[in-house]
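The values are calculated or read from the model by the stated rules, or taken from the named source; none is laboratory data. This is a predicted model, so every value here is computed, not measured. FYI the Cβ positions are ideal-geometry reconstructions off the backbone, even for glycines, and counts take in every protein chain you see.
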Amino acid sequence: MSELVFDGVSVRYGARRHALTAVDGAHLTVPSGQVMGLVGESGSGKSTLARAAVGLAPLATGRILLGGTDIRQLRGRRRPLQMVFQDPYSSLDPRMSVGDCVAEALPRERGRGGTVRRAEIAHLLEQVNLDPGRASMLPGQLSGGQRQRVALARALAGRPQAVIADEITSALDVSVQGAVLNLVRDVQRQMKLTMLFISHNLAVVRYVSDHIAVMYLGRIVEAGPTEEVLADPRHPYTRDLLAAVPSRIPAPAGGADGDAFAAIEPADPHHPPPGCHYHPRCPAGPQAHSGRDVCRTTDPSDDAAARPHRAACHFAATADLAPPKRLRTEGAQ
């Protein structure tokens with residue numbers, strides 16, 4: 001059992017007037033052996049949530065559980081939760097060989113000599129479709145896609161139960177993104193890993209994920225099975241994300257008002273609006289519909305579990321939202 005649970009997680013930086021709540025009471029469950037895609041615009045708190053899971057960002061409130069155990073109780077032991085970072089050019093030590101980078105994450109066990117460790121390194125490199133002969137090379141001698149494969153091999157070397165992949169294709173050439181995505185999907189299925197896959201690209205998330213969660217200004221605003229959420233999103237922000245995806249399909253008639261609301265600048269994360277954080281930009285909120293002042297005063301996250309897709313929207317069950325745009329995924333394949 002390697003279910004990854006974020007239970008009311010908050011991450012704050014600074015104090016008093018300069019305080020910033022990067023993650024605000026996030027509740028999210030990544031089912032055991034499955035992939036949860038996490039999407040949202042820049043600054044929504046996706047990477048901060050990931051960094052909190054591996055101990056690189058301090059928890060202000062809440063807890064993170066892996067297999068029912070608080071990750072803070074795992075310090076000093078083998079880390080069953082590993083992370084692959086966004087930038088393959090800075091995540092590897094340029095002075096260490098590829099083999100040393102991978103070996104650094106291998107558990108130290110008695111009776112395992114250098115021959116055994118070299119064989120295990122070779123196996124890990126083969127597992128990520130990289131020639132074991134490159135083990136003696138430095139990261140600077142590899143391409144971006146090859147470095148990201150080394151980073152994935154290093155994460156697998158820790159024998160994790162769960163892996164967090166943070167925008168792992170965004171720094172790569174388009175020509176190699178598909179190959180890396182196919183590799184990640186194949187490795188995850190073969191090893192039955194629990195995975196949190198973070199991306200701003202909805203097509204990529206749809207390609208690799210069993211479930212999807214949407215984040216806005218530090219809060220999880222919608223979550224559910226990928227196909228269900230993308231076919232019938234119940235939060236206006238999810239619909240706006242879908243509407244922003246380039247498509248050859250014409251936008252539905254009457255979508256101009258929604259576009260106008262989406263064009264409004266996001267709120268200052270240092271001073272988020274009360275109630276629903278999205279209400280100043282929401283085409284289904286009080287700016288567009290009279291009588292919906294509840295959006296300004298009450299946080300819809302409090303009873304999200306009772307709504308479709310756990311949507312943090314007071315009007316998630318209503319049908320007065322424009323139909324979502326179809327999402328093409330050919331580019332991810």
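Select from the range 140-166 the residues that are charged (D, E, K, R) and either touching a residue at least 40 places away in the same chain (Cβ under 8 Å) or within 24 Å of D70 (Cα to Cα) (or both) and list them in ascending order. Selection gives R147, R154, R159, D166. Just to be sure before I move on: is A57 closer than 18 Å to S10 by Cβ, in contact with a helix residue (DSSP H, G or I) (Cβ under 9 Å, 6 or more places away or on another chain) and of a type outside the set (V, I, T) in the structure I sent? For A57, the condition - closer than 18 Å to S10 by Cβ, in contact with a helix residue (DSSP H, G or I) (Cβ under 9 Å, 6 or more places away or on another chain) and of a type outside the set (V, I, T) - is met. In the set E228, E222, only one residue is in a strand (DSSP E or B), touching a His at 6+ places or on another chain (Cβ under 9 Å) and acidic (D, E); that residue is E222. The set of residues in the range 130-166 being assigned to a helix (DSSP H, G or I) and aliphatic (A, V, I, L, M) consists of A135, V150, A151, L152, A153, A155, L156, A157.
When the range 111-141 is filtered for residues that are more than 30 Å from G178 (Cβ to Cβ) and among the β-branched types (V, I, T), the ones remaining, listed by number, are T115, V116. Check the range 23-38 and report whether any residue there is part of a strand (DSSP E or B) and of a type in the set (D, E). Yes, some residue in the range 23-38 is part of a strand (DSSP E or B) and of a type in the set (D, E).
Looking for something surrounded by 22 or more Cβ atoms within 10 Å (Cβ to Cβ) and basic (K, R) - is there at least one such residue anywhere in the range 33-53? Yes, the conditions are met somewhere in the range 33-53.
For the structure I just gave you, tell me whether G25 is at pLDDT 90 or above, farther than 23 Å from A165 by Cβ and surrounded by 19 or more Cβ atoms within 10 Å (Cβ to Cβ). Yes: the conditions hold for G25.
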